[in-house]
Amino acid sequence: MANTEKLFDPDLIFFEDASSFEELFQSVGGKLLEKKLVNPGYIEAMTEREKNFPTGLDLSVVNPDSLSVAIPHTEVEYCNWKGVVVARLKEPIAFHNMISPDKTVPVKYAFFILNNEKNSQTNLLSYLMGFFTSGDKVSELDSLNTKEEIYQFITK
Amino acid sequence: MIKVLAACGAGVNSSHQIKDAVEEEMRNRGYDVHADAVMIKDVNEEMISKYDIFAPISTPDLGFEIPIPVVEAGPILYRMPAMSAPVFDELENVIKSLNK
């Protein structure tokens with residue numbers, strides 16, 4: 001995808017310590033509201049959506065020992081920006097599995113997809129899926145220490 | 001032409017990826033397929049009756065009986081042949097059974 005580096009920002013990579021997706025959304029959502037990247041109601045919309053349409057992506061189908069990721073997102077009207085906000089969890093938290101909602105997966109990284117264009121030609125999700133499914137990305141991300149290193153790794 | 005309705009929670013990321021993948025792969029397999037991408041909450045009986053196949057990520061509770069064949073398309077999102085091939089195969093079988 002062209003201009004990948006513009007879809008991420010070292011200042012939009014957060015190290016989070018949360019015990020549930022609700023807590024995570026409160027924390028990250030609060031920071032995004034402060035930066036005016038999302039609109040009031042974002043946290044509530046994200047939380048409601050995650051309960052009904054979960055976004056945990058099981059990466060053990062890619063690498064048997066891999067922890068998983070999640071791609072929380074909501075409707076375009078809550079977003080003022082197009083890009084991806086990354087949260088590294090101190091300890092994995094359970095997200096329900098997007099394609100088998102009755103199951104949960106242990107999520108170590110959440111990639112919040114912000115999209116303010118309904119009929120966008122560049123599909124952020126397909127870029128992220130290509131990233132997640134090549135190599136052992138969770139272990140590689142875990143080996144990095146700084147936000148700048150994570151940014152470089154994701155956008156290279 | 002076969003009409004496929006792709007759907008996901010927000011109607012913006014996953015359903016569009018399913019739409020693009022289904023159209024491309026089914027075209028490669030020789031079928032004339034058009035897909036639309038919508039939000040699950042916008043799907044009603046009138047809308048779904050205009051399509052031949054419903055392709056959600058996983059089968060949702062729509063509050064009514066889904067009157068057309070359902071193909072759960074979630075595994076397509078991985079963009080890995082091992083994950084997506086069974087979904088495309090099932091889709092192709094359903095298309096054949098439509099006899100259109």
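Can you tell me which of (1) within 10 Å of chain A (Cβ to nearest Cβ); (2) more than 21 Å from A:K103 (Cα to Cα); (3) open to solvent by less than 30 Å² (accessible area, probe 1.4 Å); (4) part of a helix (DSSP H, G or I) is the one B:H16 doesn't meet?
That leaves (3) as the condition not met.
Here's the yes/no breakdown for (1) over 22 Å from A:L7 (Cβ atoms); (2) hydrophobic (A, V, I, L, M, F, W, C):
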| residue | (1), (2) |
| --- | --- |
| A:L89 | no, yes |
| A:I93 | yes, yes |
| A:K103 | yes, no |
| A:L125 | no, yes |
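Do we find a residue being assigned to a loop (DSSP other than H, G, I, E, B), more than 10 Å from chain B (Cβ to nearest Cβ), surrounded by fewer than 23 Cβ atoms within 10 Å (Cβ to Cβ) and in contact with an Asp or Glu (Cβ under 7 Å, 6 or more places away or on another chain) anywhere in the range A:18-34?
Looking for residues that are assigned to a loop (DSSP other than H, G, I, E, B), more than 10 Å from chain B (Cβ to nearest Cβ), surrounded by fewer than 23 Cβ atoms within 10 Å (Cβ to Cβ) and in contact with an Asp or Glu (Cβ under 7 Å, 6 or more places away or on another chain), one finds none in the range A:18-34, hence no.
So which residues in the range A:102-152 are part of a strand (DSSP E or B) and either of a type outside the set (S, T, Y) or under 21 Å from B:A37 (Cβ atoms) (or both), if there are any at all?
A:V105, A:P106, A:V107, A:K108, A:A110, A:F111, A:F112, A:I113, A:L114
Kindly indicate the residue of the range A:39-57 that is polar (S, T, N, Q) and within 9 Å of chain B (Cβ to nearest Cβ) and also surrounded by the fewest Cβ atoms within 10 Å (Cβ to Cβ) among those meeting that condition.
Filtering first and then ranking leaves A:N52.
Among the candidates A:K147, A:K90, A:K118, single out the residue that is within 11 Å of chain B (Cβ to nearest Cβ), open to solvent by 30 Å² or more (accessible area, probe 1.4 Å), over 15 Å from A:E22 (Cα atoms) and not polar (S, T, N, Q).
A:K118
Which numbered condition trips up B:P86, out of (1) open to solvent by 40 Å² or more (accessible area, probe 1.4 Å); (2) in contact with a helix residue (DSSP H, G or I) (Cβ under 8 Å, 6 or more places away or on another chain); (3) in a helix (DSSP H, G or I); (4) more than 13 Å from chain A (Cβ to nearest Cβ)?
Result: B:P86 passes all but (4).
Say whether the condition of being without any contact (Cβ under 8 Å) to a residue 24 or more places away in the chain and touching a helix residue (DSSP H, G or I) at 6+ places or on another chain (Cβ under 9 Å) is met by at least one residue in the range A:105-115.
No, the range A:105-115 has no match at all.
Identify, please: which residue in the range A:121-144 is of a type in the set (V, I, T) and within 14 Å of another protein chain (Cβ to nearest Cβ) and is, among those, surrounded by the most Cβ atoms within 10 Å (Cβ to Cβ)?
Across the range A:121-144, the extreme among qualifying residues is A:T133.
Failed condition for B:N99, given (1) at positive phi; (2) in contact (Cβ under 8 Å) with a residue 60 or more places away in the chain, with all others met?
Among (1) at positive phi; (2) in contact (Cβ under 8 Å) with a residue 60 or more places away in the chain, the lone unmet condition for B:N99 is (2).
Conditions (1) surrounded by 11 or more Cβ atoms within 10 Å (Cβ to Cβ); (2) under 11 Å from the mean Cα position of the chain (by Cα); (3) closer than 19 Å to A:S100 by Cα; (4) of a type outside the set (F, W, Y), marked per residue:
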| residue | (1), (2), (3), (4) |
| --- | --- |
| B:Y31 | yes, no, no, no |
| B:V38 | yes, yes, no, yes |
| B:N44 | yes, no, no, yes |
| B:D52 | yes, yes, no, yes |
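Sort out which residues of the range A:58-71 are within 10 Å of chain B (Cβ to nearest Cβ) and within 10 Å of A:A110 (Cβ to Cβ), and write them in order of number.
A:I71
The values are calculated or read from the model by the stated rules, or taken from the named source; none is laboratory data. Source: prediction; values computed, not measured. All Cβ positions, glycine included, derive from the backbone under ideal geometry; neighbour counts span all protein chains shown. Accessible surface is based on the protein model in full, side chains and every heavy atom, while ligands, DNA and RNA are left aside. Shrake-Rupley method; radii C 1.70, N 1.55, O 1.52, S 1.80 Å.
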